[in-house]
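The values are calculated or read from the model by the stated rules, or taken from the named source; none is laboratory data. Here the structure is a predicted model, which means the values were calculated and not measured. Virtual Cβ from ideal backbone geometry, glycine too; neighbours counted across all protein chains shown.
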Amino acid sequence: DGGITQSPKYLFRKEGQNVTLSCEQNLNHDAMYWYRQDPGQGLRLIYYSQIVNDFQKGDIAEGYSVSREKKESFPLTVTSAQKNPTAFYLCASSIVAGGKEQYFGPGTRLTVT
Amino acid sequence: AQSVTQLGSHVSVSEGALVLLRCNYSSSVPPYLFWYVQYPNQGLQLLLKYTTGATLVKGINGFEAEFKKSETSFHLTKPSAHMSDAAEYFCAVSVMDAGNMLTFGGGTRLMVKP
């Protein structure tokens, strides 16, 4: 089955620690995205990548970092500089062409205490 | 830049009643429009999309939406609500020049009463 996997589903960390969220896709999509979702809010774009070894900041990139060394993988690191990291994080991928939808993974819920 | 407004952060209907979730967009160029559904603690699933052609779009689970350019709207409807429709629904817009970058509305939580 083709799709997007995110691991782990739930993640707990102490304040001041960096944490990396995994996102893998086997859809052969060129573009991948990271979103943050907070209760009662829509999705906010953190980073996106349209090709291997290249990525761009989204609307709320501060305190986050990414890499895109392989087409299939787009890990997100939440650094200690992120002031309010507790949230639900969603990874998505798509074909790079107008009108094509994004496919979403199941999400990772990060709790930092 | 594009934007999406979803009127009503919470909508409550009775089982069997009409579902109407409102979405208005702003775009200076022809938009691509999407509706996604999200069940608790899960990712988003595509319900339907409009790209070109027929303005009435049918999706999964009995949902449909109509693109109305004159009203800049893309409202989502379902004739008869089912308990399993209770979820959060997101409207999103993209445009050709922005590749596949989606701009999302704030979401509408649909509650279905028995």
Filter result (at pLDDT below 95 and within 12 Å of chain A (Cβ to nearest Cβ)) within the stretch B:5-32: B:Ser9, B:Val29, B:Pro30, B:Pro31, B:Tyr32
Qualifying residue in the stretch A:83-103 (condition: closer than 27 Å to B:Tyr89 by Cα, acidic (Asp, Glu) and within 9 Å of chain B (Cβ to nearest Cβ)): yes
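Table: residues versus (1) over 26 Å from A:Leu45 (Cα atoms); (2) of a type outside the set (A, V, I, L, M); (3) assigned to a strand (DSSP E or B).
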| residue | (1), (2), (3) |
| --- | --- |
| B:Gly16 | yes, yes, no |
| B:Phe34 | no, yes, yes |
| B:Val57 | yes, no, yes |
| B:Asn61 | yes, yes, no |
| B:Glu66 | yes, yes, yes |
| B:Ser70 | yes, yes, no |
| B:Phe90 | no, yes, yes |
| B:Asn100 | no, yes, no |
| B:Gly106 | no, yes, no |
Whichever residue in the stretch B:36-55 is within 15 Å of the chain's Cα centre (by Cα), β-branched (Val, Ile, Thr) and part of a loop (DSSP other than H, G, I, E, B) and, among such residues, is surrounded by the most Cβ atoms within 10 Å (Cβ to Cβ): B:Thr51
Qualifying residue in the stretch A:40-56 (condition: within 23 Å of B:Tyr89 (Cβ to Cβ), in contact with a Phe, Trp or Tyr (Cβ under 9 Å, 6 or more places away or on another chain), small (Gly, Ala, Ser) and part of a loop (DSSP other than H, G, I, E, B)): yes
Failed criterion for A:Val66 (all others in (1) touching a residue at least 24 places away in the same chain (Cβ under 8 Å); (2) over 24 Å from B:Pro40 (Cα atoms); (3) within 14 Å of chain B (Cβ to nearest Cβ); (4) among the aliphatic types (A, V, I, L, M) hold): (3)
Output for the stretch A:90-106, where each listed residue is of a type in the set (A, V, I, L, M, F, W, C) and within 17 Å of B:Lys49 (Cα to Cα): A:Ala92, A:Ile95, A:Val96, A:Ala97, A:Phe104
Residue that is nearest to A:Gly3 (Cα to Cα), among those in the stretch A:59-113 that are in a strand (DSSP E or B) and basic (Lys, Arg): A:Lys70
Test: residue in the stretch B:72-81 that is under 12 Å from the mean Cα position of the chain (by Cα), modelled with pLDDT of 95 or more and at the interface with chain A (Cβ under 10 Å from one of its Cβ atoms): no
Residues of the stretch B:48-64 satisfying the condition of being within 10 Å of chain A (Cβ to nearest Cβ) and under 30 Å from A:Arg109 (Cα atoms): B:Leu48, B:Lys49
Exclusive hit being under 16 Å from B:Val112 (Cβ atoms) and touching a residue at least 40 places away in the same chain (Cβ under 8 Å), set B:Val29, B:Val37, B:Val4, B:Val93: B:Val37
A:Leu11 vs. criteria free of Cβ contacts under 8 Å to residues at least 24 places away in the same chain and buried (at least 16 other Cβ atoms within 10 Å of the Cβ): no
Whichever residue in the stretch A:26-54 is polar (S, T, N, Q), within 12 Å of chain B (Cβ to nearest Cβ) and in contact (Cβ under 8 Å) with a residue 24 or more places away in the chain and, among such residues, is surrounded by the fewest Cβ atoms within 10 Å (Cβ to Cβ): A:Gln50
